[in-house]
Amino acid sequence: MRFYLLIVALIVSLMGGALTPEAAAADKPNIVILFADDMGYGDAGCFGHPTIRTPHIDRMAVEGLKLTGFSVAVGSCRPSRTSLMTGRYAARIHPTFYMSSGPCEPMPQREFTLPEGLKQAGYVTGMTGKWHLRPSPEDLGFDKNYRVKRDDITTRRSTEAAIEFFRENRDRPFFFYLAYYMPHVPLKASQAFKGKSARGFYGDAIEEIDWSVGQVMKELRDLGIAEKTFVFFTSDNGPWLKKDLEGGTAGLLRGGKGTTWEGGVREPTVAWWPGRIEPGTQTIAFATTMDLYQTVLGLAGVEPPEELIYDGRDMREVLIDGSPDGRDELFLYYYVNTTAPEGSGGERLAGYQIRAARLGKWKAHFITTELQDSPKVEHETPLLFDLQVDPREKFDVAAEHPEVIERIKEAVAAHVAERDAELAKWE
Ligand SMILES: [Ca+2]
């Protein structure tokens, strides 16, 4: 997409007198995405955890919008981050892009990343922490990457990087992606937090993230730019339940990381923008990180290139204004874990499958695994849940609603055909 940016810049300059990106950006809000790693839906106080203390995330919700229907595109790190950065299902991007660990294929040039889009609109872009993609952040649109080690003080260092970036760029529109290394195992916490949480080491890591969220909000206020900054907190996938006490909890939701249950993808999510987002509001609307991508580009006034198919839409009315008008569909991919241990029941072959799909409040499961790498169960008649009355996916209502299952199957077939046609175009 670098070539595309060049063409746009050329056209703008040929038009003569058109605004420079910097001038065009003057009224645009700053964007800050706070992205935890493996934090579960139930791991914050305001999302129901009884012993982890998160006063700052809770305050962010009191001052902003709490989203209880927000989901990532997929319940594992790398494809989830791919979707946040591109607004697309990872399966559209590269057939071997989804491997959950080890090296991965670099993102193709054609993708139009979030920081590339924001740079086009005159933003300065920065990040710190866990990237997990290829090529480097600098090669995919970040002006600056504050590299921090994954050590005891990783959360503190990432927070200091964010604050330094805010201070340096307070007078111009900026995008900062604070990608915490925590609470992914091996757990880390600085001396100020280690051994302090009633929830143990996992709670220490979350409480330090919470401190970080408080520092971000305080700094934006101190710099006088809180009213022009949209801050969004969420996590890349659900809790890693296999890690027992070193993993988190999805609260009342079923499943966790590496599964297509709601616990794998639904995240504790809060949006904050003083003066713009109504304080103390909540939405149960369904939205995803792919919609966040479109929403952020919408805030910046950027139109992504039409040659790519996007899987989200600009949902400012939902993510900022609390509208109940959520997205319709989500195809829940399972990206086979190539590192599943021998004998664990997990599959080692590379590939992806759509194992479940959302259609409004309905969710059908075609194949399930209770935990990551546990044996899979194929359902001849898909399981069907009404996520509004049964968010924990406990009561299968497939027998009462065969027509819903048919509609979902048709939506999956249409998506697969469109996806494969697009992939074929790039071959
Ligand atoms: Ca993760």
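Every number in this text was worked out from the coordinates using simple rules, so none of it is lab data. Note that the coordinates shown come from a computational prediction; the quantities given were computed from them, not determined experimentally. Note that each Cβ is placed from the backbone with ideal geometry, even for glycine, and that neighbours are counted across all protein chains shown.
Please go through the residue pairs 66/363; 196/242; 188/243; 361/409 and name each one whose alpha carbons sit more than 18 Å apart in this structure.
Pairs exceeding 18 Å: 66/363; 196/242.
In the chain, if the dipole is taken from +1 on Lys/Arg beta carbons and -1 on Asp/Glu beta carbons about the Cα centre, which of 413, 89, 79 is farthest to the positive end?
Positive-most Cα among the choices belongs to 79.
For the range 125-233, what's the relative contact order in percent, using C-alpha pairs closer than 8 Å and at least 6 residues apart?
In percent, rounded to a whole number, it is 27.
For the chain, what is the largest minus smallest coordinate of the Cα atoms on each principal axis, given in angstrom and ordered from greatest to least?
Computed over the Cα atoms, the extents are 62, 54, 41 Å.
Please list the helices of the chain that count as membrane-span-like by this rule: a mean Kyte-Doolittle hydropathy of at least 1.6 together with Cα atoms stretching 15 Å or more along the helix axis, each helix being a complete DSSP H run.
What comes out of the filter, once short or polar helices are dropped, is 2-14.
What is the local net charge at residue 285, summed over the other residues whose Cβ is closer than 13 Å to its Cβ (Lys, Arg +1; Asp, Glu -1)? Intermediate results must be reported in sequence, preceding the final value.
Details: positive: 66, 266, 313, 316, 327, 358, 361; negative: 291, 317, 321, 325, 328.
Within the 13 Å Cβ shell, the charges total +2.
So which trypsin sites (Lys or Arg not before Pro) in the range 196-230 pass both tests, a DSSP loop state and at most 16 other Cβ atoms within 10 Å of the Cβ? Write out the running numbers ahead of the final one.
On the way: sites: 196, 199, 218, 221, 228; in loops: 196, 199.
Those that pass, being in a loop and sparsely packed, are 196.
To the nearest 20 debye, what is the magnitude of the charge dipole of the chain about its Cα centre, counting +1 on the Cβ of each Lys and Arg and -1 on the Cβ of each Asp and Glu?
For this selection, approximately 1000 debye.
What 222 nm value per residue comes from the helices of the chain, counting each DSSP H run with n ≥ 4 as -39,500 (n - 2.57) and dividing by all residues, nearest 500 deg cm²/dmol?
The helix-only estimate for the chain comes to -9000 deg cm²/dmol at 222 nm.
Counting other beta carbons within 10 Å of each residue's own, what order do 381, 229, 288 fall into, fewest first?
The most exposed by this proxy come first: 381, 229, 288.
Can you list residues whose amide H is under 5 Å from residue 356's amide H, if they're 5+ apart or on another chain and H is modeled 1.01 Å from N?
Amide H neighbours of residue 356: 332, 366.
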